[in-house]
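The values are calculated or read from the model by the stated rules, or taken from the named source; none is laboratory data. Computed from a predicted structure; not experimentally measured. Positions of Cβ are generated from backbone atoms using ideal geometry, with glycine treated the same way; all protein chains shown enter the neighbour counts. The protein model used for the area step is the full one, side chains on, heavy atoms only, and it has no ligands, DNA or RNA in it. Shrake-Rupley method; radii C 1.70, N 1.55, O 1.52, S 1.80 Å.
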Amino acid sequence: MQLTQTDQEVHTERIEQHIIGDIKGGKPGPIMIAVAGMHGNEATGVDAILRVIEMLEPIRHEMHGRFVGLKGNLSALRQNMRFVEEDMNRLWVTSILDKIRRTPYEALSTIDRREVKELLTILDPIVYGKEEVIYIDLHTFSGKGGMFSITPHEERHVELLSQLKVPLIFGIQHTLIGTSMEYVEDAGHVGFAFETGTHGTKDAEENAYAGLLILLVSSGLVSANKLPEFGHYYAYLMEKVQGLPHKVDFHYKHIIEEGDQFIMNPGFSNFDRVKKGDWLANDRHGKILAQSDGYLLMPLYQQQGNDGFFIVRDCE
Ligand SMILES: [Zn+2]
């Protein structure tokens, strides 16, 4: 593939602000990339990644491969908003990325596209490089309840994520077009989203930190005996995921359209069981009822965003 000379167009300073840390291990191994703040109101992952970097720094010679921690949408993070002009996590479609690479930085139509271009200068050389990449996109949600991973239903993903024991949500990636994991997947790597808890909570940060430790060990970058905190955080996470379903399939998504005035009924959490006909939300056309049985996922309790809620079901 043809890479443009984005490096020279984008100020180095802007690019460096995306990098939380870049730890190169003393031994060969895969490259793990953890990104947080692809949505600017989801900053807890940034703090978790920073803690991982600080933890890895003194043991880098023992580490296999490389760990890169990145901030996503800097402008949106500064304003604590999901995005500035358009959702940065819906732009990672091959044709849009190609357009962003070809368009001069200053001529890009939105701030969020500039952010993507900045990230591409860091990510393209890694993603199209020789090493195996494991890409983790950290997110949080506006509702309450649990944590989960949105992942393709593929063996190598399931194998790695099974050790994390968080619920695996299959098939949602087909309805969320243009997430950054799609870009990484298209290049042949393992990429998934890890939704760690409610926006801005200490819980969401702890869950992200614990999850990253387990993923570092299960992907072979660090051995558990090098991490004094590993046992503690492993037990912590296992307790947190108790009672949550293991593997579920996407079944239904309520799409919010312009002017709908969607309001979720209060009190819903992730993995609440719903029955067909349950009253879940309202918009200006009236009551919104569940169209099928299943578990509720990601009920929307914030202004920005087009997905009202999802219904998922146990894998068959
Ligand atoms: Zn998000």
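A few notes on this one:
- Residues within the stretch 283-294 that are part of a strand (DSSP E or B), open to solvent by 30 Å² or more (accessible area, probe 1.4 Å) and under 21 Å from Leu176 (Cα atoms), tallied: 0
- On inspection, Gly40 fails the criterion of being within 16 Å of the ligand (Cβ to nearest atom), assigned to a helix (DSSP H, G or I) and in contact (Cβ under 8 Å) with a residue 24 or more places away in the chain.
- Considering the stretch 17-37, the residues that are away from the ligand (no atom under 16 Å from the Cβ) and part of a loop (DSSP other than H, G, I, E, B) include one that is surrounded by the fewest Cβ atoms within 10 Å (Cβ to Cβ), namely Gly26.
- The stretch 123-145 - residue that is within 16 Å of the ligand (Cβ to nearest atom) and out of contact with any Asp or Glu (no Cβ under 8 Å at 6 or more places or on another chain) and, of those, most open to solvent (accessible area, probe 1.4 Å): Lys144
- For the stretch 175-189, the condition holds for no residue, the condition being that it is modelled with pLDDT of 95 or more, crowded, with 17+ Cβ neighbours inside 10 Å and assigned to a strand (DSSP E or B).
- Pairs meeting the criteria (first residue in the stretch 253-269 and more than 11 Å from Phe309 (Cα to Cα) and outside any strand (DSSP E or B), second residue open to solvent by 100 Å² or more (accessible area, probe 1.4 Å) and of a type outside the set (Ser, Thr, Tyr), beta carbons under 6 Å, at least 6 apart or on different chains) are Gln261/Arg284.
- Within the stretch 104-122, not a single residue is in contact with a His (Cβ under 8 Å, 6 or more places away or on another chain), away from the ligand (no atom under 16 Å from the Cβ) and in a loop (DSSP other than H, G, I, E, B).
Every residue, every condition in (1) of a type in the set (A, V, I, L, M); (2) in the same structural domain as Ala43 (by TED's automatic domain parsing), yes or no:
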position: Ala204; (1), (2): yes, yes
position: Asn225; (1), (2): no, yes
position: Tyr233; (1), (2): no, yes
position: Tyr236; (1), (2): no, yes
position: Gly259; (1), (2): no, no
position: Lys275; (1), (2): no, no
position: Arg284; (1), (2): no, no
position: Gln291; (1), (2): no, no
position: Tyr301; (1), (2): no, no
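Residues are listed down the side, and each one gets a yes or a no for (1) under 27 Å from Glu154 (Cβ atoms); (2) acidic (Asp, Glu); (3) part of a loop (DSSP other than H, G, I, E, B):
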| position | (1), (2), (3) |
| --- | --- |
| Lys276 | no, no, yes |
| Ala281 | no, no, no |
| Leu296 | yes, no, no |
| Val312 | yes, no, no |
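- Glu86 vs. criteria open to solvent by less than 10 Å² (accessible area, probe 1.4 Å), charged (D, E, K, R), within 16 Å of the ligand (Cβ to nearest atom) and over 25 Å from Glu131 (Cβ atoms): no
- Top-ranked residue in the stretch 226-252 [being assigned to a loop (DSSP other than H, G, I, E, B) and more than 22 Å from the chain's Cα centre (by Cα); ranked as surrounded by the most Cβ atoms within 10 Å (Cβ to Cβ)]: Leu227
- Test: Glu205 is under 15 Å from the mean Cα position of the chain (by Cα) and either open to solvent by 40 Å² or more (accessible area, probe 1.4 Å) or over 15 Å from Leu138 (Cα atoms) (or both): no
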